Structures are given as C-alpha cells and as structure tokens.
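Visitor: Sharing a structure, written as structure tokens. Questions coming.
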Amino acid sequence: MDTVINGYRRRWWKEAVVYQVYPRAFYDSNGDGIGDLEGLRLKLPYIKGLGVDVIWLSPHFDSPNADNGYDIRDYRKVMAEFGTMDDFDAVLTEAHALGLRLIIDLVVNHTSDEHAWFTESRSSQTNEKRDYYIWRPGNDGPPNDWTSIFGGSAWTLDAATGDYYLHLFDPKQPDLNWENPKVRAQVYALMRFWLDKGVDGFRMDVIPFISKDQEFSDLPAEHAARPQFVYANGPRVHEFLQEMRSEALAPYDTMTVGEAFGITPQQVPNFVDERHGELDMVFQFGAVEVDRGADGRWVPWKLADLKAVFSRQEKQLDRHCWPTVFFSNHDNPRIVSRYGDDGPEWRVKSAKTMAALLLTMKGTPFIYQGDELGMTNFPFSDISQFNDIWARNAYRDEVESGRYSVADFLMNQNHLSRDHARTPMQWTSGTNAGFTTGTPWLSVNPNYREINAEDVGDGSIYAWYADLIHLRRSHPALVYGDYLDLMPDHPRLFAYRRTTEAEDFLILLNFGPDEQTFQFPMNFPPGDIVLGNYPAPANGSEPLRGWEARIYRL
Ligand code: ISL
Ligand code: CA
C-alpha cells in the first residue's frame, strides 16, 4: 500500500468520514425524554449503514447541563441521564466490533462551576486549588473589559473571597488556569484515562483559548464585537499542545481535531503542521460564517463567499497539513435550511447537493446527525421554545436591553439558533418521531411525519450519503486530490476538479432551482457521470437541472 498519495502521507483519519452524535438528542432508550448511551448503542447499525468510519460523541460526562454537557462536573463519570460507565463501555466495544472508531469531546478550557476543583478553589484565597482557576481582585468592577462569548462580562465576582473569576463562556463555566502545571497534569491524566479505555481520540472544545495572555489588557476596539480573536492563540498555546502530545497522546494511535475558534486561516498551519506534533486537524469557521456579519448576526450569504473558503484553504495548507470539512454541528442551523432549500419541492435535491459538496471536498468530512435525513430548522416563534444558553442570554442582551425587537431576535435565531441542530432525531413517523416514549426535552420538529429515518432506501438522502461515502472511499483523488475551483465567481454553479496523477474528477453542483450550463472547454470533454442526483442525462454536457449534483470521472 502506498504510504504517500499526491504528496500527502496516508493516515486513517485523513481517509475517514466522521459522524457527530449529540447524545441528548439522538435516541432515548428508557422513556425519560433524554437521549442516552444505550440509545446510541441501539442505533450503531444505522450509523454503520452510512459507511462512516468514526463517531464523534459530544460530551457524555457528568454535568449540571448549563451548556448541555460543555460544562463538566466530573471527567471520569458518565452523565447520569445518559447511563453508566458500563453503558459507555458497551458503546465503545460494539462500535469497535462494527469497525467504527469513537472519539470523545475534550472540554478542558473550562469546567463546570460545580466541579470539585472549583468548589475548593472558590472556598478561600489560600487553598491548594485556588490557582486551578483564574482569580483577580476587582478595581471597582471587573479586572478588565473582557466579555463572555455568551454575552455580559467574562468576570464574575465571587462573594466568598471578594475576587473575580474568569469565564470566557457562561459564569457556570469557569476557565481553568493552564499556567498551573498541576492543572495540565490533571488534564493529561484524564485523557489517558479515556485512551486506556480504548477511545480513538478527541475533538477538543475551544482549544485555542487555553493559554491566556497574562497581561489581561482590555479588548482592542477592533475586536470588541468578536473577542474570540483576542482570547485565542495565547502565548503558550503551542507549548501546551506539544506537551499534551508527548504527555498524553503519543503512545496511542489517535485522531485529534481542535475547534479553531478565534484562529485566523493564517494561524492554522501552526496548529496542524504534522512536523510540530500538535493537532491532526482543526475546524475552521469559514464555511459556517458566510451568513454572519461583523457583529455575528445573520446576513444573507453568497455562493462565491462559500467557494472562497475552500480555495483559501487549498492555498494556505500545504502537504504537511490536513483540512476538515463541515457545514453544520450542534452549534449551527441545519445544512438544508441554511445553504439549500428546505421547501417541499427542493429539500431532497438540495440536501443531496450539499452532501455532494461535503463528501467530494478535500479534508476529513464531518456529518452531523440528522443531516443524512435532510432534517430542517425548527420554526421558532417564541423565546420559551429555546433551551440553548446562548439563545437565552442573547434574549437578555438583545431584547431586554431594548437594542432589538422580539421580531428581530426571532429572525436572527430562526436563521442561526443552535437549537435547530438539537431537536430530537426523527426516527419514525410515529409519536415524538420515535425518539422517545416520554416527553422529549426539546420539541420535535413538526415535520417529522414527512422527514424521518423510515425512508433510507433507494433514492433517499441517507442512501445518497452512503453512495457518496462509498465513491470517496473507492477513489484516492476524492480524498488526496488537488482541489481547483473552475468558476470562483459564478453565483449559482459550483464547479471544481479533484485530481491526482492517476485520477481526475469534475464535480458540478447547481445551487438553485434554475437550469445552469457548464461550458466544457474543447480539451476537456465530459467524461462519465459516476454519480448524480437525477437520472443520467442523455449527454453529459446537457445543462444542470434545479439543484442537480453531478460527479464526472474524466
Ligand atoms: O455556538 C456559538 C455561538 O453561536 C459559538 O460561538 C461557540 O460558542 C463556539 O464555537 C465554541 O463552541 C464550543 O464551546 C462552547 C459550547 O457551548 C459549544 O457547544 C462548543 O461547541 C463552550 O464550551
Ligand atoms: Ca433516556
């Protein structure tokens, strides 16, 4: 077997397709309305049926759920609502038996304020754990003007000692002090605990935030609206990640993917260059930010901006770096509602077109649960329908402050809410979409009678994902091939090539209901269409029909 293809060193995680499970919303096995690990175990064959290689499991640890598990109380315990450690072990064993690897979510920029470390830390100024977190005296107010990503000050005054602690997210998510070597040793130990159980790696939550500039200066004006660009990439972040590699990861065959929140495209290679021994890959935010304005609120998006993300990535990452591709996750709206057309006429076609983009692009693709069914955004009409801490805090900051009307708030959330992705998986057309026999913790999308996993046969979106994954697996050019955008400015047609010396693919995607013609150059006759979401046209150079996706082998 070649060890290098098109200049890239072969790695299993470069060739893998990942499926993200948000356990709370996946499948409830015991009728309490909350998805759980036994539910995941029961649905492993469904995941395997897509042909994916890896499952990324969102946090399954003990947590008071201020942020649905992204606030961890005990890193070595399973969330009681999700089951027991035995349930976790059963998921891991069965996943491995099916040939699926499992990576888990490492949330170590912060803990829950209910973690024992924090309870002890806040109890006095002199206790042994005081320095596990970031405490500063106030001066007639917070130590500086940093704001939380979820709104409000990033500092909370703690009555017990009269000091402030730092939380770049919610007050219930205090930031760990990575300057303290004992904190780092604790993190590496908990990583080894899970690696020794057999997990295959980690997705690392807001990992660029772990090193803080110890000056704690006020925010520069140009970053006030998006402070993540100040919080990320601190002075010691690369030192810490290299230490994490040598102290925890090195002896194991893992895959790591960091959430590069606040990292610019120029900074990415420093995190993922394989010669540095830090992360294997990161999630960049380009493809989920084309519809966010400078203030983070929704703006209409353009296809040319989405295309530019991938051309930039191809230029900025050399053969020592490896990209990821994703269009959704538990923090984002549904793909088909955001970039496709979720109305009855085009939902299936446009969901397939987006899937073709995801699975023929260079980089390890991440599928988010439910996208393989073409699940859509939820029609929110009232603040009471939101569970998400970000939405609830935004309501306080935007509406209760009088800056925006309720209608503006709902407009923005209907485009961007994180809860769109968190409504329960739609398994059947029966009660509660077959997700639970009890009362679901978050409302099921009312369209579950039409959109559900009862239909995964020929012609379904699920079957199309499986076909694309199979095609990707069969052709190295779809993994390692060069990427070239043939029409960067065209507003509707996305046309690109994926090529190695041995293979040449042309992908044509029509992002809209109107016909589009691709002018095949003379020296470039249409080859065979190897996969398409319409019956094959009589002639490969015929115009593309509404939301048509065609993959040609030249
Ligand atoms: O979701 C967001 C706002 O819509 C992002 O700004 C998000 O906060 C950012 O990507 C960091 O996300 C990660 O850490 C958060 C957690 O709430 C997210 O679910 C997680 O993906 C804090 O742990
Ligand atoms: Ca349950």
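The values are calculated or read from the model by the stated rules, or taken from the named source; none is laboratory data. As the structure is a prediction and not an experimental result, all values here were calculated from the model. Using ideal geometry, Cβ is built from the backbone for each residue, glycine included, and neighbour counts are taken over all protein chains shown. Note: accessible area is taken over every heavy atom of the protein model, side chains too, but ligands, DNA and RNA are not part of it. Shrake-Rupley method; radii C 1.70, N 1.55, O 1.52, S 1.80 Å.
Visitor: Within segment 336-357, how many residues are touching a helix residue (DSSP H, G or I) at 6+ places or on another chain (Cβ under 8 Å) and open to solvent by less than 10 Å² (accessible area, probe 1.4 Å)?
Guide: Qualifying residue count, segment 336-357: 7.
Visitor: What is the residue count in segment 388-399 for residues that are surrounded by fewer than 19 Cβ atoms within 10 Å (Cβ to Cβ) and either at positive phi or not basic (Lys, Arg) (or both)?
Guide: Matching residues across segment 388-399 total 3.
Visitor: Hey, can you tell me all the residues within segment 232-287 that are open to solvent by 20 Å² or more (accessible area, probe 1.4 Å), of a type in the set (Ser, Thr, Tyr) and within 22 Å of the chain's Cα centre (by Cα)?
Guide: Thr264 - this is the single residue of segment 232-287 that is open to solvent by 20 Å² or more (accessible area, probe 1.4 Å), of a type in the set (Ser, Thr, Tyr) and within 22 Å of the chain's Cα centre (by Cα).
Visitor: Still on this structure, please answer the following. Please go through segment 10-35 and pick out each residue that is open to solvent by less than 10 Å² (accessible area, probe 1.4 Å) and touching a strand residue (DSSP E or B) at 6+ places or on another chain (Cβ under 9 Å).
Guide: Matches in segment 10-35: Lys14, Ala16, Val17, Val18, Tyr19, Gln20, Val21, Tyr22, Pro23, Gly35.
Visitor: Name the helices (runs of 4 or more DSSP H) wholly inside segment 1-59 in which the number of residues that are farther than 18 Å from Arg472 by Cα and more than 10 Å from ligand 2 (Cβ to nearest atom) is 1 or more.
Guide: On the way: elements: 12-15, 37-42, 44-48.
Output list reads 37-42, 44-48.
Visitor: Of (1) farther than 23 Å from Tyr534 by Cα; (2) under 21 Å from the mean Cα position of the chain (by Cα); (3) outside any helix (DSSP H, G or I), His320 satisfies all except one. Which?
Guide: Result: His320 passes all but (2).
Visitor: Do we find that Tyr188 is in contact with a Gly (Cβ under 9 Å, 6 or more places away or on another chain), surrounded by fewer than 23 Cβ atoms within 10 Å (Cβ to Cβ) and among the aromatic types (Phe, Trp, Tyr) in this structure?
Guide: Details: in contact with a Gly (Cβ under 9 Å, 6 or more places away or on another chain): no; surrounded by fewer than 23 Cβ atoms within 10 Å (Cβ to Cβ): yes; among the aromatic types (Phe, Trp, Tyr): yes.
No, not satisfied.
Visitor: Go through (1) open to solvent by less than 30 Å² (accessible area, probe 1.4 Å); (2) more than 13 Å from ligand 1 (Cβ to nearest atom); (3) within 20 Å of Gln228 (Cβ to Cβ) one by one and return the number of the condition Val299 breaks.
Guide: (1)
Visitor: From Glu38, Glu81, Glu128, which residue is open to solvent by 10 Å² or more (accessible area, probe 1.4 Å) and either within 30 Å of Ala16 (Cα to Cα) or within 16 Å of ligand 1 (Cβ to nearest atom) (or both)?
Guide: That would be Glu38, the only listed residue that is open to solvent by 10 Å² or more (accessible area, probe 1.4 Å) and either within 30 Å of Ala16 (Cα to Cα) or within 16 Å of ligand 1 (Cβ to nearest atom) (or both).
Visitor: Follow-up question, since we're still on this one. Please go through segment 409-433 and give me each residue that is in contact with a Leu (Cβ under 6 Å, 6 or more places away or on another chain) and either open to solvent by 10 Å² or more (accessible area, probe 1.4 Å) or without any contact (Cβ under 8 Å) to a residue 12 or more places away in the chain (or both), ordered by number.
Guide: None - no residue of segment 409-433 is in contact with a Leu (Cβ under 6 Å, 6 or more places away or on another chain) and either open to solvent by 10 Å² or more (accessible area, probe 1.4 Å) or without any contact (Cβ under 8 Å) to a residue 12 or more places away in the chain (or both), so the list stays empty.
Visitor: Gly7: outside the structural domain of Gly198 (by TED's automatic domain parsing) and either on the phi > 0 side of the Ramachandran plot or crowded, with 22+ Cβ neighbours inside 10 Å (or both), yes or no?
Guide: yes
Visitor: Checking Val290 against (1) free of Cβ contacts under 8 Å to residues at least 24 places away in the same chain; (2) open to solvent by less than 10 Å² (accessible area, probe 1.4 Å), which single condition isn't satisfied?
Guide: Of the numbered conditions (1) free of Cβ contacts under 8 Å to residues at least 24 places away in the same chain; (2) open to solvent by less than 10 Å² (accessible area, probe 1.4 Å), the odd one out for Val290 is (2).
Visitor: Looking at this structure, is His115 within 16 Å of ligand 2 (Cβ to nearest atom) and either among the aromatic types (Phe, Trp, Tyr) or within 23 Å of Ala189 (Cβ to Cβ) (or both)? Spell out the reasoning first.
Guide: Numbers: within 16 Å of ligand 2 (Cβ to nearest atom): no; either among the aromatic types (Phe, Trp, Tyr) or within 23 Å of Ala189 (Cβ to Cβ) (or both): yes.
No: the conditions fail for His115.
Visitor: Please indicate, with yes or no, whether at least one residue in segment 53-65 is more than 25 Å from Leu176 (Cβ to Cβ), out of contact with any helix residue (DSSP H, G or I) (no Cβ under 8 Å at 6 or more places or on another chain) and either within 16 Å of ligand 1 (Cβ to nearest atom) or open to solvent by less than 20 Å² (accessible area, probe 1.4 Å) (or both).
Guide: Step one: of segment 53-65, the residues more than 25 Å from Leu176 (Cβ to Cβ) are 53-55.
When the remaining residues are screened for being out of contact with any helix residue (DSSP H, G or I) (no Cβ under 8 Å at 6 or more places or on another chain), the result is none.
The answer is no, given that none of the residues of segment 53-65 is more than 25 Å from Leu176 (Cβ to Cβ), out of contact with any helix residue (DSSP H, G or I) (no Cβ under 8 Å at 6 or more places or on another chain) and either within 16 Å of ligand 1 (Cβ to nearest atom) or open to solvent by less than 20 Å² (accessible area, probe 1.4 Å) (or both).
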